[in-house]
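Enquirer: Here it is: the structure, laid out below.
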Amino acid sequence: MKTGSLTITGAQVWDGSGFSPRDVRIVDGVVVDDDTALAAESEEVDGTGGWLIPGLIDAHFHAYATSMDGFENERGPLSFAAINGAKRLTAALHRGFTTVRDVAGGDIGLARAIDADLFPSPRYHFTGPALSQTGGHGDPRAAHVDVCFAHGHMCEIADGVDALRLAVRDRFRTGAHAIKVMASGGVFSLTDPIRNPQYSSEELCAVVDEAQRRGSYVAAHAYSVEAVRHAIENGIRSIEHGNLIDRATAGRMAELGAFLVPTLAAYDAMDRRGAQIGLNATSLAKNSEVLSKGQDAVRLAHEAGVRVGFGTDLMGDLEDDQLCGIRLQIEASGAAATLNSMTAVNGELIGDLALGHLGAGAYGDAVLLSADPISDPRVLWDPSARRMVVHGGRVLG
């Protein structure tokens, strides 16, 4: 990506626990110490009266989720999915999300286009298609549909230890950052009860073993107590959703060092807009089961000491509700905790020490807000609130 050199003066800067005034200097896209020489072409922005936060991170994004129909997402033209995905990524960047983790989709072609600066995009970490058992959350077939399905743009069917090892190895061969598995039923799929654990212990352990030996980790779609416990006891590091966990399960997640990535925006958006844009009746009914529990799960996780990240998981036309997820998570855990979830915690989850802060060595990604987001959190999620986005030391136009 193209980088720039920039000094932001006079702003109140977030340090993970509060704001204090200081200048932030970025040289060639990286935050530097005050005594580092500035580049000759360095710009200066007067941030007086503003509040500067690190660039936001959406840890559950889907570039290729172009539709509310599973088969359309999986088997529609990849060229359309990629062009549409580029548009979704650019929109996310302009909202202040300077990094995204695509868990279920993305590929090396889209990543190469981003690296080549073919379109404006957040920093992009992808898992490739998520792995699902036959009849699991990643299987888009209704029970009465008699067609073959092995893989698509967002999900792949892989049953058995050997098939899973091969699939994981191929993910890493083609540039994946991490691995995603479907470890319970879900809202969007048609034939799997939400609460049932998916994949056997042997299968999950094989996936985790392959990922860990590659220096990576596994993220798991999981909702229920049974599914979350099954996942974390078999080495899963990142629980996606987790709406139906209880206090004891949250405690066990903390003991094992697992992260929770809530995706509150998705359920709210599907509840308000799903029927209008054609979401099927099965998914609408499933959504009602988890809708009210997501914020409870966030509270339980924080109380237990779980590292709570932030994600949105928005499909199709719902992607413009990305900022609504911030409001919903603030309602559950407060503005300061949510701001840390979207920055430092998600940076730790992704495993890049240059993400999620504005100290020396950090990427020059930041958002300059017009009000204090702790006392006036609306400035984080209100699309009409004035904000300036900096990506790699360059101010977005």
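Read-outs: derived from the displayed coordinates by stated rules, not from any lab. As the structure is a prediction and not an experimental result, all values here were calculated from the model. Positions of Cβ are generated from backbone atoms using ideal geometry, with glycine treated the same way; all protein chains shown enter the neighbour counts.
Enquirer: I want the local charge near V379. Using Cβ-Cβ distances under 15 Å, sum +1 for each Lys or Arg and -1 for each Asp or Glu among the other residues.
Expert: Numbers: positive: R95, R327, R378, R386, R387; negative: D372, D376, D382.
Counting the neighbours of V379, the net charge comes to +2.
Enquirer: Given L110, L244, L164, which one lies farthest toward the positive end of the charge dipole of the stretch 56-350, if we put +1 on the Cβ of every Lys and Arg and -1 on the Cβ of every Asp and Glu?
Expert: L110
Enquirer: Fully extended, how many nm does the chain gain between A150 and E348 (0.36 nm per residue separation, minus their Cα-Cα distance)?
Expert: Full-extension gain reported as 68.0 nm.
Enquirer: Follow-up question, since we're still on this one. How would you rank E255, E331, going from fewest to most other Cβ atoms within 10 Å of each one's own Cβ? Intermediate results must be reported in sequence, preceding the final value.
Expert: Working: E255 12, E331 15.
Going from sparsest to densest Cβ surroundings: E255, E331.
Enquirer: Within a 10 angstrom radius of the beta carbon, how do T249, T282, T7 rank from fewest other beta carbons to most?
Expert: Values: T249 25, T282 14, T7 19.
So the residues, fewest neighbours to most, are T282, T7, T249.
Enquirer: Still on this structure: Please determine, in degrees from 0 to 90 and to the nearest 10, the orientation of helix 281-290 with respect to the longest principal axis defined by the Cα atoms of the chain, where the helix direction is its Cα long axis.
Expert: Around 60 degrees separate the two axes.
Enquirer: May I ask you to list the residues of the stretch 150-180 whose amide nitrogen lies under 17 Å from a point 7 Å from Cα along the Cα→beta-carbon direction of N280?
Expert: The answer is 150-157, whose backbone nitrogens lie closer than 17 Å to the label point.
Enquirer: A further question follows. Can you give the FRET efficiency to the nearest 0.05 for T48 and R378, using r as the Cβ-Cβ distance and R₀ = 25 Å? Numbers along the way, then the final one.
Expert: Numbers: r = 21 Å, r/R0 = 0.86.
Efficiency computed from Cβ-Cβ geometry: 0.70.
Enquirer: Please tell me the relative contact order of the chain in percent, rounded to the nearest whole number, where contacts are Cα pairs under 8 Å and at least six residues apart.
Expert: 20 percent
Enquirer: OK, next. Between the helical axis of 324-333 and the dominant principal axis of the chain, each derived from Cα atoms, what acute angle in degrees is found, rounded to the nearest 10?
Expert: The answer is roughly 90 degrees.
Enquirer: What is the calculated FRET efficiency for S17 to E303, with r their C-beta to C-beta distance and R₀ = 22 Å, to the nearest 0.05?
Expert: 0.70
Enquirer: Now for a separate question. With +1 on each Lys and Arg Cβ and -1 on each Asp and Glu Cβ, how big is the dipole of the chain about its Cα centre, in debye rounded to the nearest 20?
Expert: Numbers: 34 positive and 51 negative charges, 50 e Å.
For this selection, approximately 240 debye.
Enquirer: Nearest 10 degrees, 0 to 90: what angle lies between the long axis of helix 161-173 and the longest principal axis of the chain (Cα atoms)?
Expert: Computed tilt is about 30 degrees.
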